[in-house]
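What follows draws every value from the coordinates through simple rules; no lab data is involved. Predicted model, so just to flag it, every value in this text is computed and none were measured. Cβ atoms come from the backbone with ideal geometry, glycine included; neighbour counts cover every protein chain shown.
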Amino acid sequence: MGNSPSPNDWAPVSESDRLAVKEELDRILSSPFFRSSHRYPALLQYVVESTLSGKSEDLKERTLGIEVFHRTPEYDTNADPVVRFSAGEVRRRIAQYYQENAGHSLIKIDLPVGSYVPFFSKVRPSEELELQSGEEASVLKSHDAGATRHVPSPPLQVVEPPLGPSPSRPAWRTGFRSGLLVGVFAMATIASITYLILSAASAHPPRTSIMKLWGPLLTNPDRVLIAAGRTHFEDKQTPEPPNATIEEHILRPEARVSLSAVQAISQVAGFLQSQHKNFQVREAYSSSLQDLHRLPVVLISGYNNIWTMLSTKSLRFHFEQVGSMHFIVDAQHPERRDWSVDFDTPYAQQTADYAIVARFNDATIDGPVVVVAGIGSNGTQAAGEFIVSPAAIEQLAQSAPHGSLDQNFEAVLKVEVIAGNTGAAKVVAAQFW
């Protein structure tokens with residue numbers, strides 16, 4: 001889904017088009033979200049310039065690892081996921097940039113989930129509206145650019161009318177003059193009211209789909225609890241002894257979190273941080289219902305996260321397991337096993353993974369819950385990138401009733417896996433309620 005063009009996608013074909021994209025790239029790279037780093041600007045600049053040069057087909061993970069991050073040609077992309085991790089961070093920072101600079105860019109650059117080829121889109125029509133009044137054009141352009149300052153009208157010079165008709169002026173002219181002043185004041189009042197309305201609209205722009213998705217967690221007064229599953233769990237796990245050594249504590253199962261879970265946590269944590277929302281990361285099996293009760297919660301990982309399994313069990317899409325076969329069940333079609341992964345399959349031969357992304361109010365936890373969970377590690381990683389991608393969430397919202405994510409939702413993602421690497425993710429099913 002992440003690499004599917006949106007209706008606003010635009011291809012720069014002329015030299016002036018390419019120059020405009022490069023200028024937008026320069027603005028992004030000089031922003032606070034990129035200028036303090038070396039790795040992320042290098043990746044974004046390389047993929048944009050390669051695309052503008054007609055070399056987008058060369059934008060593969062291994063090529064980027066060699067050209068951008070100076071890895072050797074034979075480096076192991078599974079052991080060193082620098083490209084995938086950096087691309088996720090680039091997506092997050094691009095989203096932060098456009099959140100901070102909404103309405104100020106004529107061209108938008110986006111790096112969709114599951115792809116290293118950037119998309120370009122025009123934010124506004126290329127031709128401005130022709131207005132009769134130069135003053136009206138200034139006001140509208142200031143509002144369109146997100147400006148909150150007022151474009152002042154020429155000052156009114158009001159002269160007190162005499163108490164009676166002047167000998168040199170007929171009475172009808174005095175009445176006309178008084179009526180004209182009343183009209184001027186009325187027009188000024190209307191203009192002031194219009195300006196206040198436009199200013200209010202600028203101060204409170206319509207919420208984007210991604211903000212509607214995260215709204216229940218961001219507006220909750222409590223900090224968000226990110227509960228992540230551990231990589232190893234035993235039903236009869238003995239509690240940690242009070243006299244455990246540092247080494248024994250570090251080696252306990254609750255300290256083991258997979259790299260894919262860490263990447264998903266970093267995506268979510270980065271988004272929350274960009275919204276100035278406090279959060280805490282905890283291990284799921286060490287978190288009781290009392291710990292989660294009435295808090296906004298993000299559940300990372302599927303089978304190894306007890307709260308993910310419990311929270312999704314009553315939903316249409318949920319996780320089940322039969323022997324080595326792990327799958328997502330569609331309660332409306334329980335006989336289907338399309339979304340499955342056989343864990344006995346050799347790792348290098350896996351071609352697809354599946355994940356659930358969801359946002360709903362959980363009756364047990366008594367609070368808003370976001371689920372970011374794959375059957376395997378590739379699914380969890382892709383789900384983490386998907387849930388904070390404005391482009392991906394916007395496309396999901398288009399399939400919702402009335403095109404809005406104000407309601408609860410649950411979606412199943414199919415994730416391409418190529419030689420162990422996480423590829424593109426697309427929505428294959430969704431439920432809204």
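Highest average first, the peptides 338-348, 277-287, 416-426 ordered by how many other beta carbon atoms sit within 10 Å of their residues are 416-426, 277-287, 338-348. Residue ranges 98-110, 263-275, 38-50, 10-22 sort as 263-275, 38-50, 98-110, 10-22 when ordered by packing (mean number of other C-beta atoms within 10 Å per residue, highest first). Positive end of the dipole of the stretch 15-122 (Cβ unit charges, origin at the Cα centre): among Pro112, Asn101, Ser36, the Cα lying farthest that way belongs to Asn101.
Restricting to DSSP loop positions (anything but H, G, I, E, B) with no more than 16 other Cβ atoms inside 10 Å of their own Cβ, which GluC sites (Glu not before Pro) remain in the stretch 319-397? Here the sparse-neighbourhood loop sites are Glu335. Packing around the peptides 324-334, 293-303, taken as the average count of other Cβ atoms within 10 Å per residue, puts them in this order, highest first: 293-303, 324-334.
Partners of Lys122 within straight-line reach, counting lysines whose Cα lies under 30 Å from its Cα and excluding those fewer than 8 residues away in the same chain: Lys22, Lys55, Lys60, Lys108, Lys141, Lys212, Lys414, Lys426.
May I ask you to derive the FRET efficiency for Ser30 and Gln407 from their Cβ-Cβ distance with R0 = 25 Å, giving the value to the nearest 0.05? After rounding to 0.05, the efficiency reads 0.05. Across the stretch 15-122 the C-alpha pair distances fall into 10 Å bins from zero in the proportions 14, 49, 30, 7, 0 percent.
Note: relative contact order over the stretch 15-122, using C-alpha pairs below 8 Å and six or more positions apart, is 32 percent. Each Lys and Arg adds +1 at its Cβ and each Asp and Glu adds -1 at its Cβ; summed about the Cα centre, the stretch 266-320 shows a dipole of about 180 debye. Projected onto its three principal axes, the C-alpha set of the stretch 242-337 covers 48, 36, 27 Å, listed from the longest axis down.
With both labels modelled 7 Å from their Cα along Cα-to-Cβ, the Gln349 to Ala79 distance reads 2.4 nm. Taking the convex hull of the alpha carbon positions in the stretch 336-419 and averaging its projected area over all directions gives 6.9 nm².
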